[in-house]
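Asks: Okay, here's the structure, questions in a sec.
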Amino acid sequence: MRRHSLWALVILIGLALSLGACAAESTDSDPTGVDEPVEPEIAGVLVPHGSWPTGMPDGIPVPEDGVLVFQAEIAVGNDLAVGSTPYGERHVRVGGEGVVSGPRMSGIVMPGSLDFDLTLTNGVVERQQVLVFQTDDGSFLYARGAGTGPDANDVRTVLNVEAPNDSAWAWMHTADLVARRVLDPDAGTMTLTVYDVTDVAAGDATAAVVPIEKPVGVPYQSWDYRIADPAEMPGDELIVETVTLAPSQAVGPTRDGIRRNIIPITGGTLEGQISGQVLFGGADYQNLSAPPTIDAQYLWETDDREIIIVRNGGSFGGLVPTFETRTDGPYAWLNTGLYLSANPIGAPGGVGITMYESTR
């Protein structure tokens, strides 16, 4: 009963809160009002490494060969070089609000989007993006992208979009959407241009194929959160954090039986074996279908200015946090340790969470 009561408390908090450039030289004028990038001198189909589930395992075509869907101009709020982690050289960017315009969708990008870049020793790039769009008709769309490329000059990100099943955007559930992302450091923006390559993906079988290779002996980053072994039990206390939250963004019933509810993370504090702050950005990307699950992705900054990537996911009563930080830093031990999390409990403006070392 206590677990169900705590879960209900978290949901009620979310419901209460919900109530309460492209580079300058590379654009051509477009009659839709969107400046579409000039197609880069890149050809062929990129075949992702099997460890990174882009959703297009047979190959990602050149995005610009598809049909323009929209372009999003997003302010970069925080640009963070994490350093060399167990998986490669990690960089994270937190987005502010963005503007979406294009022939097939317009609206805004909600603040707090996450853009994770991983560069391997052979130059290969893997990219994860987590974004929430609000269209002009008020619908919330959740997008999680997995991208890859042989180098930073040709990274193609496949967007997996969840839209309300009864909305005008449900067509995205079955479309092959591939994005190109361009940073403008001087302007402090990132431009995300999204193309529908459904017909391209099913078309030209004569295109050159470029397989993505990874260095031998390097661990692969995980797409999913860790699931604890049933024998694991909470041991010594790791940290206690207070996380502040913004109003919920309810996508609602969407693809694959998911009931997506997003609670943005706006900040917070942590103390214990690590002390510092919870940074603005990311969210708890909840799935409220039975059994409800939490998937919180966000960032810590320690008092000594180290950046730690946090993911805390699982079913209520079985939450498992994982961490990623630089391997030559003072918190490298987080990369290899096993940890468990208590359920969130209500706190002013958000929730409180206690995390523990795992024992067997």
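Asks: Going by the structure shown, is residue 142 aromatic (Phe, Trp, Tyr), in contact with a Lys or Arg (Cβ under 6 Å, 6 or more places away or on another chain) and more than 26 Å from residue 326 (Cβ to Cβ)? Before you say what the answer is, go through the steps one by one.
Replies: Working: aromatic (Phe, Trp, Tyr): yes; in contact with a Lys or Arg (Cβ under 6 Å, 6 or more places away or on another chain): yes; more than 26 Å from residue 326 (Cβ to Cβ): yes.
Considered against the rule, which asks whether it is aromatic (Phe, Trp, Tyr), in contact with a Lys or Arg (Cβ under 6 Å, 6 or more places away or on another chain) and more than 26 Å from residue 326 (Cβ to Cβ), residue 142 comes out as yes.
Asks: Same structure again: Limited to the range 90-125, what total is found for residues that are under 30 Å from residue 216 (Cβ atoms) and part of a strand (DSSP E or B)?
Replies: 11
Asks: Of everything in the range 268-291, what is surrounded by fewer than 17 Cβ atoms within 10 Å (Cβ to Cβ) and either at pLDDT below 95 or assigned to a strand (DSSP E or B) (or both)? Give them in sequence order.
Replies: The answer is 269, 271, 272, 277, 290, 291.
Asks: Here is a further query. I need the full set of residues from the range 225-252 which are among the small types (Gly, Ala, Ser) and under 28 Å from the mean Cα position of the chain (by Cα), in order please. Working first, answer last.
Replies: The first filter runs over the range 225-252 and keeps only residues among the small types (Gly, Ala, Ser), leaving 228, 231, 235, 246, 248, 250, 252.
Hits for the range 225-252 are 228, 246, 248, 250, 252.
Asks: Taking only the range 200-228 into account, find how many residues are of a type in the set (Asp, Glu) and modelled with pLDDT of 95 or more. Give the derivation first.
Replies: Of the residues in the range 200-228, the ones of a type in the set (Asp, Glu) are 204, 213, 224.
Checking which are modelled with pLDDT of 95 or more leaves us with 213, 224.
The qualifying residues number 2.
Asks: Separate question: Could you pull out every one of the strands (runs of 3 or more DSSP E) wholly within the range 178-263 that has 3 or more residues that are surrounded by 12 or more Cβ atoms within 10 Å (Cβ to Cβ) and among the β-branched types (Val, Ile, Thr)?
Replies: Values: elements: 189-196, 209-211, 233-245, 249-253.
Correct list: 189-196, 233-245.
Asks: Surrounded by fewer than 16 Cβ atoms within 10 Å (Cβ to Cβ), under 23 Å from residue 210 (Cβ atoms) and in contact with an Asp or Glu (Cβ under 8 Å, 6 or more places away or on another chain), is that true of residue 67?
Replies: On the way: surrounded by fewer than 16 Cβ atoms within 10 Å (Cβ to Cβ): yes; under 23 Å from residue 210 (Cβ atoms): yes; in contact with an Asp or Glu (Cβ under 8 Å, 6 or more places away or on another chain): yes.
Yes.
Asks: For the range 26-73, how many residues are among the hydrophobic types (A, V, I, L, M, F, W, C), within 23 Å of residue 110 (Cα to Cα) and either modelled with pLDDT under 95 or assigned by TED's automatic domain parsing to the domain that holds residue 281 (or both)?
Replies: Of all residues in the range 26-73, those among the hydrophobic types (A, V, I, L, M, F, W, C) come to 34, 38, 42-43, 45-47, 52, 56, 60, 62, 67-70, 72.
Among the residues that remain, those that are also within 23 Å of residue 110 (Cα to Cα) are: 34, 68-70, 72.
Subsequent filtering for residues that are either modelled with pLDDT under 95 or assigned by TED's automatic domain parsing to the domain that holds residue 281 (or both) retains 34.
Residues flagged as among the hydrophobic types (A, V, I, L, M, F, W, C), within 23 Å of residue 110 (Cα to Cα) and either modelled with pLDDT under 95 or assigned by TED's automatic domain parsing to the domain that holds residue 281 (or both) within the range 26-73 amount to 1.
Asks: Looking only at the range 312-351, count how many residues are part of a loop (DSSP other than H, G, I, E, B) and either surrounded by 21 or more Cβ atoms within 10 Å (Cβ to Cβ) or touching a helix residue (DSSP H, G or I) at 6+ places or on another chain (Cβ under 8 Å) (or both). Outline the logic, then answer.
Replies: Filtering the range 312-351 down to residues part of a loop (DSSP other than H, G, I, E, B) leaves 316-318, 325-331, 336-338, 342-344, 348-349.
Those left that are additionally either surrounded by 21 or more Cβ atoms within 10 Å (Cβ to Cβ) or touching a helix residue (DSSP H, G or I) at 6+ places or on another chain (Cβ under 8 Å) (or both): 316-317, 325-327, 343-344.
Counting residues in the range 312-351 that are part of a loop (DSSP other than H, G, I, E, B) and either surrounded by 21 or more Cβ atoms within 10 Å (Cβ to Cβ) or touching a helix residue (DSSP H, G or I) at 6+ places or on another chain (Cβ under 8 Å) (or both) gives 7.
Asks: Regarding the range 2-11, can at least one residue be identified that is among the basic types (Lys, Arg), over 30 Å from residue 336 (Cβ atoms) and modelled with pLDDT under 95? Step through it out loud before you land on a result.
Replies: From the range 2-11, those among the basic types (Lys, Arg) are 2-3; that's our starting set.
Pick out the ones that are also over 30 Å from residue 336 (Cβ atoms) and you get 2.
Now narrow it down to the ones that are modelled with pLDDT under 95: 2.
Looking through the range 2-11, at least one residue is among the basic types (Lys, Arg), over 30 Å from residue 336 (Cβ atoms) and modelled with pLDDT under 95.
Asks: Cβ-Cβ distance below 9 Å, separation of 6 or more or different chains: which pairs start in the range 150-169 with a residue that is aromatic (Phe, Trp, Tyr) and end on one that is surrounded by fewer than 15 Cβ atoms within 10 Å (Cβ to Cβ)?
Replies: Hits for this filter: 169/137.
Asks: From 109, 76, which residue is under 29 Å from residue 174 (Cα atoms), out of contact with any Pro (no Cβ under 8 Å at 6 or more places or on another chain) and at pLDDT 95 or above? Reasoning before the result, please.
Replies: Values: 76 fails: under 29 Å from residue 174 (Cα atoms).
Testing whether each residue is under 29 Å from residue 174 (Cα atoms), out of contact with any Pro (no Cβ under 8 Å at 6 or more places or on another chain) and at pLDDT 95 or above leaves just 109.
The values are calculated or read from the model by the stated rules, or taken from the named source; none is laboratory data. All figures in this text were calculated on a predicted structure; none of them were measured in a lab. A quick note on method: Cβ atoms are made from the backbone with ideal geometry, for glycine too, and the neighbour counts reach across all protein chains shown.
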